[in-house]
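K.L.:
Here you go, one structure.
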Amino acid sequence: MKKIGVIFGGISTEHDVSIVSGTSVIKNLDKTKYEITPIYISKEGEWFIYNVPVNKITTLKVGEKVENLVKIENVIETLKKCDVLFPVLHGAGGEDGSIQGLFELLKIPYVGCGVLASSIGMDKAYTKIIFEKAKIKQAKYEYIRKIENEYIYIDKEFNESKSTLEEICNILVDKLKFPMFVKPSNSGSSVGINKAKNIDELKEFIEYASNFDTKILIEEGIIGREVECAVLGNVDVISSYVGEIIPAEEYYSFDAKYNNAESLCIMPADIPKEISNNIRDLAIKAFKAIDGKGLSRVDFFIEKSTNDIYINEINTMPGFTEISMYPKLFEKVGYKYPKLLDELIKLAHIGEVKNVQSL
Ligand SMILES: Nc1ncnc2c1ncn2[C@@H]1O[C@H](COP(=O)(O)OP(=O)(O)O)[C@@H](O)[C@H]1O
Ligand SMILES: [Mg+2]
């Protein structure tokens, strides 16, 4: 039997979501094929064995506390006992390449994107730069930095100029149209994100976003429908149906995602075949552009007035609960949750960079 270490929790603002995703993965892994080690990382970054018999593990709810934990004394030893690691972690420290770097150094194959793809996908400003290069249409954007009390505007050639918040906002108003979405560059689950409708809100939301990250992305709002497409593969990559999100609030905020039962996911989205095929191709293109491996969920907008497709973001470890878009979309094309997990484990890999000894 293959020994699989499923890692969940983590140090990011998406800790609670990861608990739901991680326990859901454990519940759906075929216990006749895999010997599972459930590994929980606390918000403080401590590692534990989730000491519940694996066939008794059920999906925990958002906000539910993980109990029956046994502290791992030697994390590296524990990881090395696994054949494959499955980091079901969202956000910083889990979806950004850092834990993937640890697995690479330990030479243990793992599920999902490698170091580079994970870090590009996690950093919204750098994702934009790559998608721009790939000529995938996206909302007009600018990004800035806040270092201590200073704001820095960064132009399209990476030239930096120090400014006050007022000056920065004047530049932004000059370059972009309201409404503008203000986002911490490294964020997820909509944490720290706001929609600014005027310059006062722009100032307020930039200051707020700076609580989460020193790099802040500001982009034009797209009026239209919000759709998502899942991809699977390393070299030969397949895409799922396209699903549509209908947020119960003005946009898909944290509450609309996790606390408002009125947000809807429609699968497959009721859109013309041609648009859906375009989105599926673009999802694979975006995944390849960031050097993706294993899986990702790629999110788009379809602009109301033009039907143009805009890419929003790529999630290298998308929500993985039983009701999440990623497994649901693949279920529609014949991959039931446990089969999808089998595929992902088959796709587990370590980097292709050769070390000196192998030359
Ligand atoms: N440019 C935009 N135009 C319209 N809505 C947007 C835009 N950017 C973000 N949103 C809304 O905000 C939500 C969260 O933004 P997103 O960039 O997807 O962050 P996260 O990584 O936290 O999911 C989106 O699902 C969407 O509803
Ligand atoms: Mg999103």
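A short reminder: the numbers here are calculations on the coordinates, not readings from a lab. Given the structure is predicted, the values throughout are model-derived calculations rather than measurements. As a convention, Cβ positions derive from the backbone with ideal geometry for all residues, glycine included, and neighbour counts pool all protein chains shown.
K.L.:
With θ set to phi - 60°, apply the Karplus curve 6.51 cos²θ - 1.76 cosθ + 1.60 along region 235-247 and write out the HN-Hα couplings as whole Hz, x wherever there is a Gly or Pro.
P.N.:
9, 8, 9, 10, 10, 8, 4, 9, x, 10, 9, 10, x
K.L.:
Taking region 28-104 on its own, what percent of its Cα-Cα pair distances exceed 14 Å? List each step's numbers first, then the result.
P.N.:
Numbers: 1979 of 2926 pairs.
Across region 28-104, Cα pairs with separations above 14 Å total 68 percent.
K.L.:
Highest mean first, what order results for 221-228, 301-308 on Cβ atoms within 10 Å?
P.N.:
Descending mean neighbour count gives 221-228, 301-308.
K.L.:
Which far-off residues, 5 or more places away or on another chain, put their amide H under 5 Å from the one on Cys265, with H placed in the peptide plane?
P.N.:
Under 5 Å from the amide H of Cys265: Ile246.
K.L.:
Counting each DSSP H run of 4 or more residues in the chain as -39500 (n - 2.57), what helix-only mean residue ellipticity at 222 nm follows after dividing by all residues, to the nearest 500 deg cm²/dmol?
P.N.:
-9000 deg cm²/dmol
K.L.:
So what J values fall out for region 88-97 if you push phi through Karplus, 6.51 cos²θ - 1.76 cosθ + 1.60 with θ = phi - 60°, rounded to Hz, Gly and Pro as x?
P.N.:
Going residue by residue, I get 8, 10, 10, x, 4, x, x, 10, 10, x Hz, with x marking Gly and Pro.
K.L.:
Mind listing the long-range amide H neighbours of Lys137? Cut-off is under 5 Å, sequence gap 5 or more, other chains count too, H placed in the peptide plane at 1.01 Å from N.
P.N.:
Ile311
K.L.:
For Ser187, enumerate residues with amide H under 5 Å from its amide H, sequence gap 5+ or separate chain, H modeled in the peptide plane.
P.N.:
The list, which skips near neighbours in sequence, is Lys124.
K.L.:
How much of the DSSP beta bridge set in the chain is antiparallel, as a percent to the nearest 5? Walk me through the intermediate numbers first.
P.N.:
Numbers: 55 of 69 bridges.
Rounded to the nearest five, the antiparallel share is 80 percent.
K.L.:
For region 182-262, what is the Kirkwood hydrodynamic radius in Å, using each pair of distinct C-alpha atoms?
P.N.:
Evaluated on region 182-262, it is 14.6 Å.
K.L.:
Right, another one. Report the convex hull volume per residue for the chain, counting only C-alpha atoms, in Å³.
P.N.:
Hull volume over Cα atoms, normalised by residue count, gives 152 Å³.
K.L.:
Evaluate the relative contact order of region 233-304 (contact order divided by residue number), counting alpha-carbon pairs under 8 angstrom at least 6 apart; express in whole percent.
P.N.:
36
K.L.:
Something else now. Taking θ as phi - 60°, what are the ³J(HN,Hα) couplings along region 120-136 by the Karplus curve (6.51, -1.76, 1.60), each to the nearest whole Hz, with x for Gly and Pro?
P.N.:
Karplus-based 3J(HN,Hα) across region 120-136 equals 5, x, 7, 9, 4, 5, 6, 4, 4, 4, 5, 5, 4, 4, 7, 6, 9 Hz.
K.L.:
Can you check how the C-alpha radius of gyration of region 208-359 compares to 2.2 N^0.38 Å, as a plain ratio?
P.N.:
The value comes to 1.15.
K.L.:
With the Cα gyration tensor of region 141-220 in hand, give its eigenvalues times 5 under a square root as the equivalent ellipsoid semi-axes, listed largest first in whole angstrom.
P.N.:
Details: eigenvalues 54, 43, 27 Å².
Output for region 141-220: semi-axes of 16, 15, 12 Å.
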